[in-house]
Amino acid sequence: MAYRAGFACFVGRPNAGKSTLTNAIVGQKIAITSAKPQTTRHVIRGVLHRPDAQLVLVDTPGLHRPRTLLGERLNDLVRSTWSEVDVIGLNIPADEPVGKGDTFIASEISALKAKLVAVVTKTDLVQRDQLAEQLMAVSRLGDFADIVPCSAITGEGLGVLTDVMISHLPESPQLYPDSMLTDEPEHVLIAELIREAVLEGVRDELPHSIAVLVEEIIPQDNGVTKIYADIYVERQSQKAIVIGAKGSRLKEVGTNSRAQIEDLLGTRVFLDLHVRVAKDWQRDPRQLRKLGF
């Protein structure tokens with residue numbers, strides 16, 4: 001059989017399970033997840049290696065109605081990614097009715113050159129008859145090459161989905177070395193793990209006002225890696241929320257994120273976190289550039 005390699009991405013409205021699905025297929029956490037919509041802010045590539053193929057999954061933010069300059073830039077990022085991939089999987093949760101957002105995104109991607117696959121996610125949350133109804137509703141959204149139900153949590157349908165997406169990739173030599181699971185810079189992955197830990201504690205109060213910038217990563221002779229990172233918020237009151245009473249919340253963020261960073265790096269980590277205020281950074285072009293957007 002011919003070797004296939006290429007790029008694919010999952011699209012959908014915020015919180016449709018794109019990052020969770022990407023992590024499940026790659027087999028390792030490369031994208032942070034949260035129950036809060038609009039968690040993903042960067043394009044991150046995860047590479048699945050098989051003897052017959054290499055599937056490069058591009059995790060993108062969810063397309064949404066922007067309220068800030070950051071939102072506009074994230075939407076631009078999503079659309080530019082769509083134009084460059086070979087396969088697009090439209091994610092629609094099994095446990096939510098097909099809505100205007102799904103219809104809008106389906107129409108947005110219908111004219112693209114990529115093969116379109118509908119992916120009905122979170123099948124573990126519904127009964128079979130409800131899933132059947134959702135599959136019928138999704139089929140009416142557009143002209144899909146395939147429609148695949150699956151669950152990133154239980155793993156059901158993931159093998160079928162992977163096979164389907166690979167079948168639509170072009171014949172191509174290998175694109176990435178066998179050892180590479182992501183091409184994302186280390187400091188960006190670390191910043192994302194810290195942001196995920198912050199979101200866990202304050203998701204209801206200020207989910208979109210948080211950004212993280214890793215200032216320094218310094219390996220030590222004793223096998224410890226020192227990491228200095230700043231957590232940015234938009235208001236002084238938000239800073240107090242992130243720090244918590246007597247620093248309790250920030251300490252918890254450090255503990256939770258350090259464990260994941262140590263798994264990522266394979267070394268012990270000393271993590272130094274500071275919370276800083278960058279007023280209205282989501283609307284400020286200069287601040288956005290500094291924070292990597």
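The values are calculated or read from the model by the stated rules, or taken from the named source; none is laboratory data. Since the structure is predicted, the reported quantities are computational estimates derived from the model, not experimental observations. Here the Cβ is made from the backbone with ideal geometry for all residues, glycine too, and neighbour counts use every protein chain on show.
Brief remarks on what is shown
- The residues listed here are T154, T162; of these, the one that is farther than 30 Å from A111 by Cβ, of a type in the set (S, T, Y) and either outside the structural domain of V269 (by TED's automatic domain parsing) or in contact with an Asp or Glu (Cβ under 8 Å, 6 or more places away or on another chain) (or both) is T154.
- One residue stands out among those in the stretch 211-246 that are within 10 Å of L273 (Cβ to Cβ) and part of a helix (DSSP H, G or I): the one that is nearest to the chain's Cα centre (by Cα), which is V242.
- The sole residue among L273, L250 that is outside any helix (DSSP H, G or I) and within 25 Å of the chain's Cα centre (by Cα) is L273.
- Filter pass, D102 being in the same structural domain as T20 (by TED's automatic domain parsing), surrounded by fewer than 19 Cβ atoms within 10 Å (Cβ to Cβ) and closer than 22 Å to V85 by Cβ: no
- Complete set of residues in the stretch 47-94 that are among the small types (G, A, S) and either within 21 Å of D146 (Cβ to Cβ) or loosely packed, with under 15 Cβ neighbours inside 10 Å (or both): A53, S80, S83, G89, A94
- Of residues in the stretch 221-273 being loosely packed, with under 15 Cβ neighbours inside 10 Å and in contact with a helix residue (DSSP H, G or I) (Cβ under 8 Å, 6 or more places away or on another chain), the one modelled with the lowest pLDDT: R235
- Residue check, G159 of a type in the set (G, A, S) and either closer than 18 Å to I88 by Cα or in contact with a Lys or Arg (Cβ under 7 Å, 6 or more places away or on another chain) (or both): yes
- Pair list, Cβ under 6 Å, 6 or more apart: the stretch 266-285 residue not assigned by TED's automatic domain parsing to the domain that holds Y232, other residue modelled with pLDDT of 90 or more and surrounded by 13 or more Cβ atoms within 10 Å (Cβ to Cβ): none
- On the stretch given as the stretch 145-176, residues that are surrounded by 17 or more Cβ atoms within 10 Å (Cβ to Cβ) and either polar (S, T, N, Q) or over 22 Å from D124 (Cβ atoms) (or both) total 5.
- All positions within the stretch 276-286 that are touching an Asp or Glu at 6+ places or on another chain (Cβ under 8 Å) and part of a helix (DSSP H, G or I): W281, Q282
- Inside the stretch 177-192, residues that are surrounded by 21 or more Cβ atoms within 10 Å (Cβ to Cβ) and over 23 Å from R50 (Cβ atoms) make up a count of 4.
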